[in-house]
Amino acid sequence: MRSIDEIFKLMMNLIGVNSYYSLSEKTGIPQTTISACRKRGNIPFDYILNFCELNNISFDWLVRGKENEKNNSNQYALDISPGLIREDIISYNKITRLEQALAKMDQKDRDRLLDAFLQIIKCQ
């Protein structure tokens, strides 16, 4: 299981902030709650669950360091490291959501959409 500070650092990295104040502003978690959590060594479940749902992050990945980062069975794992820039994380999230949307489409619509994308790419 990750430490509270590790969880907060990952949360900050994922949303592109570098201070606990900014984390509070972006997530709506009161700054006093963040400070109290760090002192007590625990975070209320609802704050973590809400963050995970809003950012499409696996709860097990964020808290325990298990599974893929994404909240699905995606075959790709993303290594969150200090050198990974926020734009990479955002791009990965967009690709994952596109894959999820494509998986929900029927085969005929998916093929038409992919053909349209290929035509756009060929024109550029």
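Holding the Cα-Cα limit at 31 Å, pick out from 39/66; 26/66; 66/122 the pairs that are longer than that. Mind showing how you got there, number by number?
Values: 39/66 25 Å; 26/66 25 Å; 66/122 40 Å.
Where the Cα-Cα span goes over 31 Å, the pairs concerned are 66/122.
For residue 103 and residue 53, the difference between the fully extended length at 0.36 nm per residue and the C-alpha to C-alpha distance is 16.1 nm.
State to the nearest 20 debye the size of the charge dipole of the range 6-48 about its Cα centre, where the only charges are +1 on K and R beta carbons and -1 on D and E beta carbons.
With Lys and Arg at +1 and Asp and Glu at -1, about 140 debye.
Among 10-19, 97-106, the peptide with the highest mean count of other Cβ atoms within 10 Å heads the list, and the full ranking is 10-19, 97-106.
Rule-based calculations on the coordinates, nothing more; no lab input. A quick note: this is a predicted structure, and the numbers were derived from the prediction, not measured. Note that each Cβ is placed from the backbone with ideal geometry, even for glycine, and that neighbours are counted across all protein chains shown.
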